[in-house]
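Down below is the structure, laid out as structure tokens.
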Amino acid sequence: MIRVLVSILVIANLALLVFGLVGSGDHAGRGGPPLAELRNPDSIRIVRGEPEPAPQPPAASQAIRTAPVLVQSCLEFGPMSEDEVARARQALSAGGLLERTVQAPMMATASWWVHVPPRRSLLQAENEVARLRAAGLRDAYVVLEQGDMRFAVSLGLFRTEEAARRVVDQMKSRGIGGVVVGRREQQVRLTAFYVREPSDADLGELEQLRAAFPGTSIRTSACPETSSRGASGP
């Protein structure tokens, strides 16, 4: 009797096993999702037949390109010292260019030095300064740097030897002696004129003016952004 019951249980278990295998195979044949996907519903992608979405356009900051900045060109005429600026303004005004002219500072190398040779002591140098200032030369000052020119009295730096010697001659005509010219290269702040919207006629006129201002040059340059017009300058 016991053997019969055991046989029935074995047959029943085999039947259940066969039924389970047939059912899972039939489900797979119908294209159903595997059990792993059913346990992960987020991984299921529902396809409705719509086309893929078009790529998004680039951000506005990337799509817009900065337009090039147009820089206005001028004719640069210079550099000039303070006394040359006054003469140049008169010449530019006579030629009708001053109304379209801007003047602005620029750095240049001055190679010629008007000075009184070094004194033996600071007191002697200060006495020289007092003498020169009494004669109207207010830019005189004592050189205090260590070196061969210590206690010399400086009266100005010039770009050309001609300009420096012209100043010395003017001093001699006023009775101011003891002043010499020497070499001394140094960066100085000078002035240049810029003619806006230049024409060929403007270039020819500036070339004629340049002969009266040794050491100057004329070239095409960007117009200065901040400076006053020549008509209202000093």
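The values are calculated or read from the model by the stated rules, or taken from the named source; none is laboratory data. Quick caveat, the model's predicted, so the values are computed rather than measured. Ideal geometry is used to build each Cβ from the backbone, glycine not excepted, and the neighbour counts take in all protein chains shown. For the accessible areas, the whole protein counts, side chains as well, though only heavy atoms, and no ligand, DNA or RNA atoms are used. Shrake-Rupley method; radii C 1.70, N 1.55, O 1.52, S 1.80 Å.
Table for the structure above
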read-out	value
Residue, most open to solvent (accessible area, probe 1.4 Å), within region 208-227, restricted to residues that are hydroxyl-bearing (Ser, Thr, Tyr) and assigned to a strand (DSSP E or B)	Thr220
Selection count, region 139-155, where residues are within 15 Å of Glu128 (Cα to Cα), in a loop (DSSP other than H, G, I, E, B) and either among the acidic types (Asp, Glu) or open to solvent by 30 Å² or more (accessible area, probe 1.4 Å) (or both)	5
Residue selected from region 62-83 under the condition within 15 Å of Thr191 (Cα to Cα) and open to solvent by 70 Å² or more (accessible area, probe 1.4 Å), by the criterion modelled with the highest pLDDT	Glu82
Residue ID - nearest to Pro214 (Cα to Cα), chosen from residues in region 103-114 that are of a type outside the set (S, T, N, Q) and either in contact with a helix residue (DSSP H, G or I) (Cβ under 6 Å, 6 or more places away or on another chain) or free of Cβ contacts under 8 Å to residues at least 40 places away in the same chain (or both)	Trp112
Residues of region 92-103 satisfying the condition of being assigned to a helix (DSSP H, G or I) and either of a type outside the set (A, V, I, L, M, F, W, C) or surrounded by fewer than 20 Cβ atoms within 10 Å (Cβ to Cβ) (or both)	Ser93, Ala94, Glu99, Arg100
Among (1) more than 39 Å from the chain's Cα centre (by Cα); (2) surrounded by 20 or more Cβ atoms within 10 Å (Cβ to Cβ); (3) among the polar types (S, T, N, Q) - the single one Ser121 does not satisfy	(2)
In region 210-234, the residues that are farther than 12 Å from Met80 by Cα and modelled with pLDDT under 85	Glu225, Thr226, Ser227, Ser228, Arg229, Gly230, Ala231, Ser232, Gly233, Pro234
Residue count for region 156-199, restricted to those that are closer than 10 Å to Trp112 by Cβ, surrounded by fewer than 14 Cβ atoms within 10 Å (Cβ to Cβ) and among the acidic types (Asp, Glu)	2
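Yes/no matrix, rows are residues, columns are (1) part of a strand (DSSP E or B); (2) modelled with pLDDT of 95 or more:
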{"position": "Thr109", "(1), (2)": "yes, no"}
{"position": "Arg119", "(1), (2)": "no, yes"}
{"position": "Ala125", "(1), (2)": "no, yes"}
{"position": "Leu137", "(1), (2)": "no, no"}
{"position": "Leu157", "(1), (2)": "yes, no"}
{"position": "Glu162", "(1), (2)": "no, no"}
{"position": "Arg166", "(1), (2)": "no, no"}
{"position": "Gly178", "(1), (2)": "no, no"}
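Residue-by-condition table, conditions (1) free of Cβ contacts under 8 Å to residues at least 24 places away in the same chain; (2) among the charged types (D, E, K, R); (3) closer than 21 Å to Val85 by Cβ:
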site	(1), (2), (3)
Leu97	no, no, yes
Glu145	yes, yes, no
Arg150	no, yes, no
Gly178	no, no, no
Gly182	no, no, no
Gln186	no, no, yes
Leu203	no, no, yes
Gln208	yes, no, yes
